[in-house]
Structure formats: structure tokens, C-alpha cells
């Protein structure tokens, strides 16, 4: 005869195995597009598909979240608030139709003239919004979209 403890342990192990099996993709991933959901942002952080990031991020076409290489812009402009041509080239991926830029909690980030021209030549539209609005645009976006999110100012 099984004890209450053995039954409780068996139920707990079954529940854990079931939860693991159901999580074949990261939490928050759009099953059709493979695009991770941005759950929240506040000054200094952004939460994407259950993971908290405390640095600017780039979300690739395949949904991979990477640390933004803002040094590419700092080398040219001495600030990460102006996106340089070199950073634009790093951000762009062949086939991207749209780039959503979260320009910071109060909207400080802008694209350089060269970056704007580069994205135009590539046929990639760019939408620059304060980061809270950009996260909403990201979550509603369809198609081949890349996201770049500045999480402070």
C-alpha cells in the first residue's frame, strides 16, 4: 500500500515531466513566426520570452535575442543614441522588411542620415518609437521584422 508521501511524490514528478514536455519552445514565442514576445520594459531592463535583460538588445529574424553592439555607433558619434552606418549594417539581415527601433524610455535614440539611407536601399522600413510603444509594435508585428531596443533614456 502506497503512502501519502509516495503518491504526492509521484504526482509532483508527473506534473514536472508534463510541464517540461509542453515547453518545447521558450515561453512567449509566437509559434507561427518564431518571434519572442516582449513582456515588459522599464528604465534599465526589458523582459523577453521570460528572460530579463539589463542591456540593449537586438532581436533577429529567427527570434534570437542578442546584446546590441552599440560600440559600433559610439566609435563614430561618441554616443549610442545615434545609430551609425556600421551598426545599421550589423543590425540588417537579408530579407528583413521592417526594423522596429525602441528609442529608449524617453525616445533619445535616432538613426544617422547614413543609416536611414542604408535601410532605404535595402527596402527595409524603419519605425522609431519610444521603447514602451516599440514593444507593443513588436508584439503586433507580422512578417520579416527585426527589433532593436534601447532600454534606458
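Read the figures in this text as sums done on the coordinates, not as results from a lab. Nothing here was measured: the structure is a model prediction, and the numbers come from that model. Please note: Cβ atoms are built from the backbone with ideal geometry, for glycine as well, and neighbour counts cover all protein chains shown.
Among the residues of the stretch 131-148, not a single one is more than 15 Å from residue 35 (Cα to Cα) and in a strand (DSSP E or B). Pairs are defined by a Cβ separation below 6 Å, a sequence spacing of at least 6 or placement on different chains, a first member in the stretch 77-88 that is touching a residue at least 40 places away in the same chain (Cβ under 8 Å) and on the phi < 0 side of the Ramachandran plot, and a second member that is surrounded by fewer than 18 Cβ atoms within 10 Å (Cβ to Cβ) and in a loop (DSSP other than H, G, I, E, B); the pairs so defined are 81/108. For the stretch 58-80, taking the residues that are buried (at least 18 other Cβ atoms within 10 Å of the Cβ) and over 18 Å from residue 140 (Cα atoms), the one that is nearest to the chain's Cα centre (by Cα) is identified as 68.
Every listed requirement among (1) part of a loop (DSSP other than H, G, I, E, B); (2) at negative phi is met by residue 128 save one, (1).
Cβ-Cβ distances below 9 Å connect the following pairs, each with a first residue in the stretch 59-70 that is on the phi > 0 side of the Ramachandran plot, a second residue that is outside any loop (DSSP other than H, G, I, E, B), and a separation of six or more residues or different chains: 63/29; 63/36. Here residue 153 fulfils each of the conditions (1) within 19 Å of residue 67 (Cα to Cα); (2) without any contact (Cβ under 8 Å) to a residue 40 or more places away in the chain; (3) surrounded by fewer than 16 Cβ atoms within 10 Å (Cβ to Cβ) apart from (2).
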